[in-house]
Amino acid sequence: MASSVPSHQLSPENNLSRYLQAIRAYPMLAYSEEVDLAERWRDHQDGEALEKLVTSHLRLVVKIAMGFRGYGLPVGDLIAEGNVGMMQAMKRYDPDRGFRFSTYAMWWIRASIQEYILHSWSLVKMGTTAAQKKLFFNLRKLKGQLKAIEDGDLRPENVSEIAVRLKVAEHEVVNMNRRLSGPDQSLNAPVREDGESEWQDWLVADGKSQEVLVQEHQELTGRKALLSAALRGLSERERHIINERRLKETPATLQILSDHYGVSRERIRQIEVRAFEKLQKSVRNSVLDQRLAN
């Protein structure tokens, strides 16, 4: 092993400086070595090959994680989440496709870190649409490019520029900038100097109980599974039309799909109606089967 510290004992959360020093000892791999190790892991589940391939890319994770330092989260935690993403990539990497593992893994690493940031940030500060998430992760970078780094609201011309670049409304840019500018207040922060009372002690728990939330989550997960199974019973064209017309945040128009398939809008509408009826029937039958089984 290249380092005196076993890789399974490396922990960026506990001692970041020691971790960064330790991973420098792992050598970069030539492409031929990388392919050999990936094949040994894929074909024989060779744990030694997996460890060597993963440790040689720990510096890649650090490099990507450092790009997300502006969100107020510990760098060690970002690196740890990036390592989780790299392991996910390793499970799916196919060396026969001809590209380097780093090229494939970087997307998994970045996605894992972004998901961690979204879950860690105050939920009241985050939007849920794809456009708002894009705004969340790109606002700081664009502000830097426009040299709009002063505190307070953005200048109108900067708001307009960012809105055009990210294809969002100007008021969303203003709101997100204000949210990112105001740090979260910990619920464990003391209310008085004696420290005997915290903010959370003054909150009224008028929301749903944990039992209700878990039940609702399980029900939602079950519905998604039923819908996914029902969609597999449709033809490719039916599935595409249902997805475009019923499942997207901004549904496609009949005219767009009409042009895509070279048929009339009325024909698209008929296919949509028939496909939706199939979905309903499939879901009803699945629910009935589950009830009978129980």
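Read-outs: derived from the displayed coordinates by stated rules, not from any lab. Everything quoted here is computed from the prediction, not taken from an experiment. Cβ coordinates were reconstructed from backbone atoms using ideal geometry, including for glycine residues, and neighbour counts include every protein chain displayed.
Between Arg267 and Arg92, the simple spin-label model (points 7 angstrom out along Cα→Cβ) gives 3.6 nm.
Taking the empirical scaling 2.2 N^0.38 Å for compact globular proteins as reference, the range 7-120 has a Cα radius of gyration ratio of 1.05. In plain terms, the residue of Glu34, Glu157 with the fewest other Cβ atoms within 10 Å comes first and the most crowded comes last, giving Glu157, Glu34.
Here the gap between Glu39 and Gln21, fully extended at 0.36 nm per residue and compared with their Cα-Cα distance, gives a gain of 3.6 nm. In this structure, the residue pairs whose Cα-Cα separation is over 22 Å, taken from Lys167/Lys224; Lys147/Lys167; Lys63/Lys167; Lys133/Lys278; Lys52/Lys91; Lys63/Lys147, are Lys167/Lys224; Lys63/Lys167; Lys133/Lys278; Lys63/Lys147.
Between Ala111 and Lys167, the FRET efficiency estimated from the beta carbon spacing at R0 = 30 angstrom works out to 0.90.
So if we plug the beta-carbon distance of Ser286 and Ser160 into 1/(1 + (r/R0)^6) with R0 = 41 Å, what FRET efficiency do we get, rounded to 0.05? It would help to have the intermediate numbers written out before the result.
Numbers: r = 49 Å, r/R0 = 1.21.
Given R0 = 41 Å and the Cβ-Cβ separation, E is 0.25.
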